[in-house]
Amino acid sequence: MVSNPPAHHEELTPSPWVERFAPLVPANGAVLDLACGDGRHGRLFLRRGHAVTLVDRDPAGISDLGGTAHAELVAADLEAGPWPCEGRQFAGIVVVNYLHRPLFRHILAALEPAGVLIYETFAVGNEALGRPQNPDFLLQPGELLDVVRGTLRVVAYEHGRV
């Protein structure tokens, strides 16, 4: 059971992209919500009956999930610290609004065979609309496809303005 989030959570509605592909994650498979923020996607998978590991540098946004069955909260600096899931694999990995290219190899290694990677983040062109503007945080057209080519079967890809 997922506890009610504290009042400071303004927006916990899952991304439509994540909701659309969440059913592809094998039933009862463990899910990793990477750079989870307030855990809106981890909460979605908890409601769907998955065990979820929620990882963020600042776990304040998910503190209300402490003690929740099947929720593992991990405080980790994904850019300066070691990979927090070394030796573990997940049936589903969700990454939304976060890009740190050195993690790609870790993410792919942490995905079980037949696992599902759901990735949604900012791309080149977003700098005209707001933040982020730094190209280090913006995917190039087709970049994620190149990263997974030969490793994963892509069932959906979109690049454009939402």
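The values are calculated or read from the model by the stated rules, or taken from the named source; none is laboratory data. What you are looking at is a predicted structure, and each value in this text was computed from that prediction instead of being measured. Glycine gets a Cβ as well: all are built from the backbone with ideal geometry, and neighbour counts include every protein chain shown. Heads up: the accessible areas ignore ligands, DNA and RNA and are worked out on the full protein's heavy atoms, side chains in. Shrake-Rupley method; radii C 1.70, N 1.55, O 1.52, S 1.80 Å.
Quick notes
- Backbone geometry of segment 104-114 corresponds, through the Karplus equation with coefficients 6.51, -1.76 and 1.60 at θ = phi - 60°, to 3J(HN,Hα) couplings of 3, 5, 5, 4, 5, 5, 8, 8, 4, x, 6 Hz, x marking Gly and Pro.
- 3J(HN,Hα) along segment 32-41, derived from phi through the Karplus expression 6.51 cos²θ - 1.76 cosθ + 1.60 where θ = phi - 60°, amounts to 10, 9, 8, 6, 6, x, 7, x, 4, 7 Hz, with x in place of Gly and Pro.
- The accessible-area ordering, largest first, of the residues Asp77, Asp146 stands as Asp146, Asp77, per a 1.4 angstrom probe.
- Taken one residue at a time, the phi angles of segment 139-151 give Karplus couplings (6.51, -1.76, 1.60, θ = phi - 60°) of 5, 7, x, x, 4, 5, 4, 5, 5, 9, 4, x, 10 Hz. Gly and Pro are set to x.
- Inter-label distance, Glu79 to Glu19: 3.0 nm, where each label sits 7 Å from its Cα along the C-beta direction.
- The label point for Leu12 and the one for Glu158, both projected 7 Å from the Cα toward the Cβ, are 2.5 nm apart.
- Relative to the current alpha-carbon distance between Arg47 and Gln89, full extension at 0.36 nm per residue lengthens the span by 13.1 nm.
- Sparsely packed loop sites in segment 59-129 (the GluC sites (Glu not before Pro) outside DSSP H, G, I, E and B with at most 12 other Cβ atoms within 10 Å) comprise Glu79, Glu86.
- Residues whose amide H comes within less than 5 Å of that of Ile93, counting only those at least five positions distant or on another chain, are Leu32, Val116, Leu117, Ile118 (H built at 1.01 Å from N in the peptide plane).
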